[in-house]
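*Asks:* Sharing a structure here in structure tokens format.
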Amino acid sequence: MRVRAGSSVRWPLTISSDQKEVSVHFDVATNSDNAPEWNVFLNSGKDELWSNYYSKWDYKLSLPVAALNLEVQCPKGVRYDDFVDVTVTVDGGNPITFRAIARQSILALKTQINQENSVAESIYLKVKDEVALESEDDVNKNDIYAVLCPTTLKGYIFVEGMNTDRMREKPRDIRKARTFVDGEIGIDEIQHYLTPVSPVKGVTEGDLVELVNGPFKGEKARVQKIDEAKEEITVELIEAMVPIPVTVKGESIKVIGK
């Protein structure tokens, strides 16, 4: 199960036996010897029964017990795809392994309007400089993995990384950056920003357009034909003495009328 740095994941457990007491053995293993410590708990409701803080890996569990669950807390210094395996064995029976895998977090950062690109670039350069100074073994490396700056969204950018506490520290001395929005952003909430939109989408034959670049920049024209595969549009200049079809790229026009 995926879990972000600094948060927890839980699995419900059901243990039944003819005995009034069973022995529960725990094994905790991480994928890296120098990984930060994951915290593991056996809980009954809100009560903590066992934790890997203790030196003993066996716990005598009295039955019956209600609302039993295994909780794993992901450390804040974890790296992407680090994981922990927690193996639970009851009375020497068949072991069951639960795996928690560290995942990244996505936060929304407020910026000054029309300064989204500037803030995103400043964050990128700051992270780049910090990474260059850090050693290969530094767990703080790559605090931020990506910065998304959608062209259609004003006043916000999206920042992806592992440790949300350190992520929130990065823009503090960056001009035009404001504050992070509370809570995380799901990947499904920004998926539409990640899918390129065809420049000819929404354009129809007969539309009145203005050419925004090229030799005919500033000229008005009517759309005659649309090639969606090539993302090209054939237009006819309105003020031309002789109507001549001109084929341009979709991003070369701006619709000004229907």
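*Asks:* For the peptides 21-29, 34-42, what is the packing order when you average, over each peptide's residues, the other Cβ atoms within 10 Å and list the highest mean first? Before the final figure, lay out the partial values.
*Replies:* On the way: 21-29: 15.0, 34-42: 16.7.
By packing density, highest mean first, the sequence is 34-42, 21-29.
*Asks:* Averaging sequence separations of C-alpha pairs under 8 Å and six or more residues apart, then dividing by the length of segment 105-194, give the relative contact order as a whole percent.
*Replies:* The normalised contact order for segment 105-194 reaches 47 percent.
*Asks:* What is the calculated FRET efficiency for Ser7 to Ala67, with r their C-beta to C-beta distance and R₀ = 22 Å, to the nearest 0.05? All intermediate terms of the calculation are to be shown ahead of the outcome.
*Replies:* On the way: r = 20 Å, r/R0 = 0.92.
Using R0 = 22 Å, I get an efficiency of 0.60.
*Asks:* At a threshold of 8 angstrom on Cα-Cα distance, excluding pairs fewer than six apart, so keeping six or more, what relative contact order does the chain reach in percent?
*Replies:* Working: 491 pairs, mean separation 40.1, N = 258.
Here the relative contact order equals 16 percent.
*Asks:* So what is the calculated 222 nm ellipticity per residue for the chain, using -39500 (n - 2.57) for each DSSP H run with n of 4 or more, over all residues, to the nearest 500 deg cm²/dmol? Provide the component values of the computation, followed by the final result.
*Replies:* On the way: 3 runs with 32 residues, N = 258.
For the chain, the value works out to -3500 deg cm²/dmol.
*Asks:* Turning to a different aspect of this structure: So how many Å³ per residue does the convex hull of the Cα atoms of segment 2-103 work out to?
*Replies:* Measuring per residue, one finds 96 Å³ for the Cα hull of segment 2-103.
*Asks:* Among Lys76/Lys126; Lys56/Lys76; Lys76/Lys170; Lys154/Lys249; Lys154/Lys254, which pairs are too far apart, with a Cα-Cα distance over 18 Å?
*Replies:* On the way: Lys76/Lys126 21 Å; Lys56/Lys76 25 Å; Lys76/Lys170 16 Å; Lys154/Lys249 26 Å; Lys154/Lys254 20 Å.
From Lys76/Lys126; Lys56/Lys76; Lys76/Lys170; Lys154/Lys249; Lys154/Lys254, over 18 Å: Lys76/Lys126; Lys56/Lys76; Lys154/Lys249; Lys154/Lys254.
*Asks:* Of the listed peptides 99-108, 84-93, what is their order by residue-averaged count of other C-beta atoms within 10 Å, with the highest listed first? All intermediate terms of the calculation are to be shown ahead of the outcome.
*Replies:* Values: 99-108: 19.4, 84-93: 16.1.
Result, highest mean first: 99-108, 84-93.
*Asks:* Got the relative contact order for segment 2-100 handy, in percent, Cα pairs under 8 Å and 6 or more residues apart? Before the final figure, lay out each step's value.
*Replies:* Details: 183 pairs, mean separation 40.9, N = 99.
That works out to 41 percent.
*Asks:* Additional query: List the aspartates and glutamates whose alpha-carbon lies under 20 Å from that of Lys128, not counting same-chain residues fewer than 8 positions away?
*Replies:* Lys128 reaches Glu116, Glu136, Asp137, Asp138, Asp143, Glu160, Asp165, Glu169, Asp173.
All of the numbers you see were taken from the coordinates with simple rules; none came from a lab. Nothing here was measured: the structure is a model prediction, and the numbers come from that model. Glycine gets a Cβ as well: all are built from the backbone with ideal geometry, and neighbour counts include every protein chain shown.
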